[in-house]
Each structure stands twice: as C-alpha cells, then as structure tokens.
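Beneath this line is the structure, given in structure tokens, with notes to follow.
Read-outs throughout are calculated quantities, based only on the coordinates presented, and are distinct from any laboratory measurement. Note that the structure is a prediction, hence the values are computed from the model and not measured. Please note: Cβ atoms are built from the backbone with ideal geometry, for glycine as well, and neighbour counts cover all protein chains shown.
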Amino acid sequence: MMKNPRVAVTAAAAMSLVLLPVAFALGARSAGPSPTDLALIDGVIQLVERDYVRPVDAHELTKDALKGMLNRLDPHSDYMDEQEFRESQADISGKFGGLGIEISQQGGFPKVIAPIDGTPAARAGLQPGDLIVAVDGRNVQGENLDKVVRILRGRPGTSVKLTIARGDQPPFVVSITRSIIEVQTVKAKLQPNGIGYLRITEFAAETPKEVKKALNDLRLEAGAPLKGLVLDLRNDPGGLLTSAVAIAGDFLKGGTVVTIRGRRSADNQSYQVPPNGAIFADAPMVVLINGASASASEIVAGALQDRKRATIMGTQSFGKGSVQTVVPLNGHGALRLTTALYYTPGGRSIQGSGITPDVVVEAPKEQQIAGVILPHESELRGAFRNPGALGGRDDKTTTVEQRYSAPIRADLIGTDDDAQLKAALDYLARNLGKAAEQKKG
C-alpha cells in the first residue's frame with residue numbers, strides 16, 4: 001500500500017492519499033473506447049505533432065492526454081510517468097530529497113498545505129496557506145503542479161528562491177537550500193500529571209514502529225503506566241492505510257478500524273485489528289485534529305471516536321474519504337485511480353465532511369496563520385459528495401455545525417504556548433481528578 005508521490009513536495013490536489021496497489025496488463029479490458037474514439041485521439045496527436053508551431057513529441061502528448069483524462073475525474077486521480085512512479089515508490093521509506101512541503105493548487109498557484117517538521121521548508125518559516133507565486137523569479141501561475149514539483153526539486157545543497165504570498169502581506173522572497181529529507185514522523189513528550197503527548201506528522205511505513213517505541217519511552221520516563229494521552233494529528237495530511245490501521249490497533253481492543261466500499265464487491269473490505277494487540281487500551285485519550293488533518297489521520301480519529309476510545313478535540317478535519325488504487329502499467333508509469341470510499345466503524349463516510357470534534361477548540365486568533373483558511377475536500381473541483389452512512393443508517397454528524405478556522409502556526413504545535421494542547425491537557429487532568437474523587441467516594 002502506498003501514499004501519494006512526494007519527493008521534493010507533494011503534487012496532489014489535496015492531502016496525502018490512502019492508496020492500494022494492484023496489477024495491470026496492458027490491453028486487458030472488458031470494454032473501452034470505440035475504434036472511432038481511438039482514431040480521433042490518434043488523429044489529434046498526429047495533427048498536433050505535424051502542424052503545431054513548435055515540435056512536440058508524440059510521447060509527451062500521450063502522457064499529457066492521460067494526465068488530462070485522470071485529472072478531470074476527481075482531485076486525487078492522476079497518471080504518473082515512469083519516473084514519477086519510481087519516485088512515489090521511493091517516498092514510502094520516508095526519505096526523499098527536496099524542500100519538505102505538501103502542496104496543492106489554488107487559483108492557479110501552488111499552495112502550501114503544510115511544511116514537514118524539521119525540513120528546510122519548515123526552518124525557512126513556510127506556513128500552511130502560503131501561495132508560491134514564483135520560483136527563482138519565474139512566475140508559476142497556471143503551471144501544471146507536477147511541473148512545479150520538478151522545478152522545486154534539485155541536487156541537495158543547491159538553493160531555490162520562492163516568492164511567497166501570505167494573506168494580506170506583500171509578496172516576499174524566501175531562499176531555501178534543498179536537502180535529503182528524512183522525516184521523523186513521531187514526536188513525544190511527557191506532560192504533567194503523568195499524561196503523555198504523542199504527535200504523528202504523517203503515516204509512513206516506519207510510523208507504527210516509532211509509535212510503539214515512543215509510548216514505551218514515555219512509560220519508562222514516567223516510571224509508571226501513563227495516566228492519559230494526547231494524540232496530536234493536527235496538520236497530519238495522512239499516508240499509508242496500513243500504518244493508520246496498525247496505529248489504531250495500539251489503542252483498541254480488537255474490532256473494526258475502517259471499512260472500504262467501492263463500485264465492485266471485490267473492492268469492499270473491512271480492516272480489523274487483533275483483540276490482544278493494544279498497548280495503550282484503557283487510560284483516557286484526547287485526539288487533536290484540525291482542517292489540515294486528512295485521510296489516514298481521519299481514519300484513526302474516526303475509529304477512536306466511533307469506538308468511544310477517545311475524545312476528539314480541535315476543529316473540523318479535511319474530509320478526504322476516498323481510496324486511490326495504484327495501477328502499474330508495465331514500464332509505462334502507473335495510474336492513481338480513485339476506486340472506493342472509506343467509512344468509520346460506525347458506518348460514517350468522511351468524504352467531504354470530515355471528522356467533527358466532540359469538543360470544538362479553535363486556536364486563538366494570535367496563534368492562527370493570519371488571513372489563511374485552508375480549502376477542504378468538498379471545495380475541490382470534482383470532489384465527491386458525501387454519500388451518507390452505510391446501510392442507510394442515520395448519520396447524525398451531517399447535521400452538526402461544521403466549524404472551520406485557520407490552522408495554528410506550525411512552529412507552535414506541541415510547545416508550551418500551544419493553546420489547543422493546553423486545552424487537551426486540562427481536559428484530561430479534570431477527568432483524571434473526577435475519577436480519583438469517585439474512587440475515594
């Protein structure tokens with residue numbers, strides 16, 4: 001299982017994607033375009049190749065035609081050429097070269113979803129919502145996002161100058177030195193009252209192992225079992241489905257984490273965790289989310305919410321509830337095709353709606369990224385509407401007021417000044433105090 005391709009940056013219309021690989025044989029199809037349609041496509045390619053004002057390679061035209069075909073379906077389907085496909089496979093390891101930013105597109109400009117912690121982009125102060133107006137003085141408005149990615153990539157140690165538009169501020173230039181990015185996806189810190197703080201920045205292949213180590217380290221530092229835990233998924237754009245399921249299993253005593261439903265019955269699947277696999281199954285938990293929490297983050301938050309295992313705090317999540325299948329094309333790249341939607345254990349679809357917190361806690365205005373409201377899945381061109389709950393069940397979350405707000409500044413997350421984290425810690429401390437009083441009584 002793979003996530004979306006990201007080497008220097010992520011060229012996706014939104015957040016990181018939950019992906020499933022399958023095999024494909026060229027020429028194997030049950031139905032397809034008519035000979036007339038195929039002749040039309042071939043004829044147009046020949047016409048452009050022959051008469052366009054400058055020479056154009058037929059291979060490039062075919063690749064662009066495939067990209068156009070997939071891109072028009074929905075925000076997350078795409079065609080990757082062979083180089084992009086290899087890069088996407090290499091990215092699974094969580095080590096890649098570049099700047100370390102997640103980008104989407106807004107108004108024709110690349111838009112920063114989030115800088116990855118500890119990367120050149122984060123150190124340079126890039127923030128969610130920043131628009132990249134130019135790269136090395138070259139205007140990138142209207143450029144294909146894949147092309148922008150390739151411009152931003154480069155040899156480690158070389159620099160690139162980005163012209164940034166941020167809120168109402170005048171555009172400014174930031175110089176960033178490219179480097180090999182090794183993502184530390186898990187951060188942990190022991191908090192007062194025996195409460196642990198665990199932040200996951202993305203769901204990479206090694207993240208489940210890192211989570212287990214972090215929980216064990218917190219227990220050893222506390223000298224006793226943790227009395228509570230804050231799981232921070234803010235600004236986490238997602239990643240591997242397998243990692244999300246494995247991590248949810250650290251907190252659940254078996255049962256369903258997520259269910260997938262597609263057009264074909266063969267695409268339907270329920271992901272379960274073993275009954276004896278949890279390593280933190282009883283003490284109270286809070287999960288922090290915001291508008292930049294997407295995909296795998298929403299799977300985990302939704303599972304812990306439906307299973308009554310954790311209190312969800314923060315603001316409405318992104319709402320990325322579709323599954324992409326990677327279809328290798330035998331040396332010709334691969335398709336990334338939306339094939340299914342995923343549902344929480346209670347049968348809720350997250351698509352376009354996201355996870356609604358049990359307790360809404362917005363970042364204070366002075367801690368928000370000024371003038372920035374991140375787009376949500378439902379606002380993306382071609383995004384699927386929420387299909388409703390499985391089996392026609394009443395989905396009460398669709399009637400809850402969904403509150404979106406600008407995200408907290410990335411440099412504040414997990415610090416002593418983080419107001420949303422303080423709210424989560426206070427919530428757990430109050431509940432621990434009540435439990436202690438009841439035990440005495």
>> Of the candidates Val230, Val53, Val211, which one comes out as most mobile in a Gaussian network treatment of the chain with C-alpha springs shorter than 10 Å?
In response: Val53
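Select from the chain the helices, each a whole stretch of DSSP H, whose alpha-carbon atoms run 20 Å or more along the helix axis and whose Kyte-Doolittle mean is at least 0.0; answer none if there are none.
35-51
Rounded to two decimals, what is the ratio between the C-alpha radius of gyration of the range 202-355 and 2.2 N^0.38 Å?
So the Cα radius of gyration is 1.07 times the expected 2.2 N^0.38 Å.
Can you order the peptides 103-114, 172-183, 259-270 by their average number of other Cβ atoms within 10 Å per residue, highest first?
103-114, 172-183, 259-270
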>> Looking at the chain as a GNM with Cα springs under 10 Å, which of Asp130, Asp236, Asp217 has the largest mean-square fluctuation?
In response: Asp217
> Translational D (Stokes-Einstein, µm²/s) of the chain at 10 °C and 1.306 mPa s when Rh comes from the Kirkwood sum over C-alpha pairs?
Replying inline: 70 µm²/s
>> List the pairs from Lys308/Lys440; Lys187/Lys212; Lys227/Lys422; Lys308/Lys439; Lys227/Lys434; Lys212/Lys308 whose alpha-carbon separation is above 19 Å, in the order I gave them.
In response: Lys308/Lys440; Lys308/Lys439; Lys212/Lys308
> For Ala281 and Asp42 in the same chain, what is the full-extension length gain: residue separation times 0.36 nm, less their Cα-Cα distance, in nm?
Replying inline: 80.1 nm
>> If you take every residue apart from Leu231 with its C-beta less than 12 Å away from the C-beta of Leu231, what net charge results, scoring Lys and Arg +1 and Asp and Glu -1?
In response: +1
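According to the square roots a ≥ b ≥ c of the eigenvalues of the Cα gyration tensor, what is the shape class of the range 250-318, taking rounded for a/c under 1.5, prolate for a/b larger than b/c otherwise, and oblate for the remainder? Don't skip to the answer; put the middle values down first.
Numbers: a/c = 2.97, a/b = 1.16, b/c = 2.55.
In terms of gyration-tensor shape, oblate.
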>> Once you keep just the Cα pairs under 8 angstrom separated by 6 or more residues, what percentage relative contact order results for the chain?
In response: 16 percent
> DSSP beta bridges in the chain, what fraction antiparallel, as a percent rounded to 5?
Replying inline: 70 percent
> Which cross-chain or sequence-distant (5 or more) residues have an amide H under 5 Å from the amide H of Phe109, H modelled 1.01 Å from N in plane?
Replying inline: Gly142
>> For the range 123-199 and the range 256-333, what is the centre-to-centre distance using only Cα atoms, to the nearest Å?
In response: 26 Å
> Which whole-number percent is the relative contact order of the range 101-182 (Cα, under 8 Å, 6+ apart)?
Replying inline: 26 percent
> When the chain is modelled as a GNM with alpha-carbon springs shorter than 10 Å, which of Asp282, Asp37, Asp74 fluctuates the most?
Replying inline: Asp37
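Quick one: of the DSSP bridges fully inside the range 191-300, what percent are antiparallel, nearest 5?
Numbers: 6 of 16 bridges.
Percentage antiparallel, nearest 5: 40.
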> At 25 °C and 0.890 mPa s, what whole-number value in µm²/s does Stokes-Einstein give for the translational diffusion of the range 101-182, with Rh from the Kirkwood sum over Cα pairs?
Replying inline: 194 µm²/s
>> I need to check one value: relative contact order of the range 308-360, counting alpha carbon pairs closer than 8 Å and at least 6 residues apart, in percent.
In response: 49 percent
